[in-house]
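Read the structure below first, then the notes.
The values are calculated or read from the model by the stated rules, or taken from the named source; none is laboratory data. Every value quoted in this text rests on a predicted model; they were computed, and no experiment measured them. Quick reminder, even Gly has a Cβ in these numbers, built from the backbone with ideal geometry, and neighbours come from all protein chains shown. Keep in mind that these areas ignore ligands, DNA and RNA; they rest on the heavy atoms of the full protein, side chains included. Shrake-Rupley method; radii C 1.70, N 1.55, O 1.52, S 1.80 Å.
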Amino acid sequence: MAGYEVCVCYLTRVRAGGRREVLLGRKRTGLGVGKIVGPGGKVEAGESPLEAIVREVAEETGTRVAPGDLRAAGRLEYRFPFRPGWSQNSNVFVGEVWQGEPVGSDELAPEWFAVDELPLDEMWHDARFWLPAVLAGDEVRAWFSFGADNETVAESSLPLG
């Protein structure tokens, strides 16, 4: 396994008329600044990934989610051979129940997006290969290796076509 432990969460809601949306946000600091991502971050010493994601969602969006309201949706390994310090293992969670309205933070500018219109071109390249399936209820376990540009997936355990 590569690098350090992180976690990410995708909160979803259904709008009037039945349209399903997911809470994402534009990253304001750190790795991936400017990209649209799900709320999340590093797992701190002594924390489980579940404890970490509950904390991260609150810190980044102002919303509160109970651990029992999250579904473990997978684990991803990210390899950055040309920038090894970026390599990480990500625990993926999905939730449909939370409290509060999302507000911006120093880390993230949250925004709702229709699940059928994900802003994949503004997200990390790997998201297109697994995020739609996770939001449809699937679980993902995969690894991704990024190319020399540290932006584009060069190899993966998932089909890239």
(request) Would you check if E47 is farther than 18 Å from Y4 by Cα and either touching a strand residue (DSSP E or B) at 6+ places or on another chain (Cβ under 6 Å) or at pLDDT 95 or above (or both)? (result) no
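Based on this model, can you work out whether S145 counts as hydroxyl-bearing (S, T, Y) and touching a helix residue (DSSP H, G or I) at 6+ places or on another chain (Cβ under 9 Å)? Full working, then the answer.
On the way: hydroxyl-bearing (S, T, Y): yes; touching a helix residue (DSSP H, G or I) at 6+ places or on another chain (Cβ under 9 Å): no.
Criteria not met by S145.
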(request) Being touching a helix residue (DSSP H, G or I) at 6+ places or on another chain (Cβ under 6 Å) and of a type outside the set (A, V, I, L, M, F, W, C) is the filter; apply it to the stretch 70-107 and report the residue that is nearest to R26 (Cα to Cα). (result) E107
(message) Name the residue that is surrounded by the most Cβ atoms within 10 Å (Cβ to Cβ), counting only residues in the stretch 26-70 that are more than 13 Å from the chain's Cα centre (by Cα) and assigned to a strand (DSSP E or B).
(response) L70
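If you check P102 against the conditions, is it in contact (Cβ under 8 Å) with a residue 24 or more places away in the chain and either loosely packed, with under 14 Cβ neighbours inside 10 Å or in contact with a strand residue (DSSP E or B) (Cβ under 7 Å, 6 or more places away or on another chain) (or both)? Show your work before the answer.
Numbers: in contact (Cβ under 8 Å) with a residue 24 or more places away in the chain: yes; either loosely packed, with under 14 Cβ neighbours inside 10 Å or in contact with a strand residue (DSSP E or B) (Cβ under 7 Å, 6 or more places away or on another chain) (or both): yes.
Here the answer is yes, as P102 does meet what is asked.
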(request) Kindly provide the set of residues from the stretch 1-18 that are part of a loop (DSSP other than H, G, I, E, B) and either open to solvent by less than 50 Å² (accessible area, probe 1.4 Å) or modelled with pLDDT of 95 or more (or both), ordered by number. (result) A2
(message) Within the stretch 84-96, take every residue that is open to solvent by 30 Å² or more (accessible area, probe 1.4 Å) and touching a strand residue (DSSP E or B) at 6+ places or on another chain (Cβ under 8 Å) and give me the one that is farthest from T152 (Cα to Cα).
(response) E96
(request) Would you mind listing the strands (runs of 3 or more DSSP E) fully within the stretch 90-161 where at least 3 residues are closer than 15 Å to F80 by Cβ and at pLDDT 95 or above? (result) 140-146, 153-156
(request) Any chance you could count how many residues in the stretch 111-137 are closer than 24 Å to T63 by Cα and in contact (Cβ under 8 Å) with a residue 40 or more places away in the chain? (result) 14
